[in-house]
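*Asks:* I'd like to ask you about the structure that follows.
Here, each number is a calculation from the coordinates, and none is a lab measurement. Treat the numbers as computed from the prediction; the structure is a model and nothing was measured. All Cβ positions, even for glycine, are placed from backbone atoms using ideal geometry, and neighbour counts span all protein chains on display.
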Amino acid sequence: MQFGTRGVADEIGFSREQIPDADTVLMRAHKTHFIGGELRPSVFRAQKGGMSVNWSKYATAEETKQQARNPTENAVLSLLVGRVRKIKDLDVTHTPTPINRAHSEILLPTEDSALTEIRLLLSRIVTVALPLSPKSN
C-alpha cells in the first residue's frame, strides 16, 4: 500500500488535499472533440458523476496524455482551478485513487440547460497544454 501525504496509509493510499486556486488541472481530449483544429465544448462531460482531471501538482501534461488508451489520439487541456471555481456551482476536488494520486474531479450539473452554459464557459477558459499530434488528424 502507498502512503498518503502525512505518511500514514489511508484506505485509498493517498490523502485528499485542498487544491489551491492558483493550480491547474489537466484533462485529455480525444481527437473527436476537435473540428478543424477547434475544440468543441462537448469535451466537457461528466462520467460517473464528475469530469475526471489530473491535478498538475502530481501529474504532468505528458503523464496525463499517456493515461489514454491511444495517447497519440489525445490532446491535453489545462484549466486554472480558480477560474473553474468562479463558474457558478463548480468546484474542483482532489479524489486520488490507489493508482493515480493526481486524480481530481470537476462536478458538472446534470440538467441539460445548465450543462450547455457550463460547457460554453469552460471552453472560454481552457487552454491546450499538449496539442494533438499531426499523425492523429
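*Asks:* Could you name the aspartates and glutamates whose alpha carbon sits less than 16 Å from that of residue 86, not counting residues in the same chain fewer than 8 places away?
*Replies:* Here the aspartates and glutamates satisfying the reach criterion relative to residue 86 are 21, 23, 105, 117.
*Asks:* Here's something else I'd like to know. Report the local net charge at residue 102: Lys and Arg +1, Asp and Glu -1, summed over other residues whose C-beta lies under 9 Å from its C-beta. Please report the intermediate quantities before stating the final value.
*Replies:* Values: positive: 57, 101; negative: 63.
Charge balance near residue 102 sits at +1.
*Asks:* Can I ask one more? What does the charge add up to near residue 76, with Lys and Arg as +1, Asp and Glu as -1, over the other residues with Cβ less than 9 Å from its Cβ? Please list the in-between numbers first.
*Replies:* On the way: positive: 28, 65; negative: 62.
So the environment of residue 76 carries a net charge of +1.
*Asks:* May I pose another question? Rounding to the nearest 10 and keeping the result within 0 to 90°, find how far the Cα-based axis of helix 112-125 lies from the longest principal axis of the chain.
*Replies:* So the helix axis and the longest Cα principal axis differ by about 90 degrees.
*Asks:* Nothing charged except the Cβ atoms of Lys and Arg (+1) and of Asp and Glu (-1): what's the magnitude of the dipole of segment 24-130 about its Cα centre? Round to the nearest 20 debye. List each step's numbers first, then the result.
*Replies:* Values: 15 positive and 10 negative charges, 31 e Å.
Result for segment 24-130 is approximately 140 debye, rounded to the nearest 20.
*Asks:* Can I ask one more? Of 108, 42, 53, which is farthest along the charge dipole of segment 42-120 in the positive direction, counting Lys and Arg as +1 and Asp and Glu as -1 at C-beta?
*Replies:* Going by the charge dipole, the pick is 53.
*Asks:* Based on the mean of other Cβ atoms within 10 Å per residue, sort peptides 123-134, 58-69 so the most packed one is first. Mind showing how you got there, number by number?
*Replies:* On the way: 123-134: 14.7, 58-69: 16.6.
Answer by packing, highest mean first, reads 58-69, 123-134.
*Asks:* Follow-up question, since we're still on this one. Once Lys and Arg get +1 and Asp and Glu get -1 on their Cβ, which of 29, 80, 120 lies farthest toward the positive end of the dipole of the chain?
*Replies:* Working it through, the farthest residue towards the positive pole turns out to be 29.
*Asks:* Which whole-number percent is the relative contact order of the chain (Cα, under 8 Å, 6+ apart)? Numbers along the way, then the final one.
*Replies:* Working: 245 pairs, mean separation 42.7, N = 137.
The normalised contact order for the chain reaches 31 percent.
*Asks:* Next question, about the same structure. Based on the mean of other beta carbon atoms within 10 Å per residue, what is the order of 33-40, 77-84, most packed first?
*Replies:* Highest-to-lowest ranking by the protection proxy: 77-84, 33-40.
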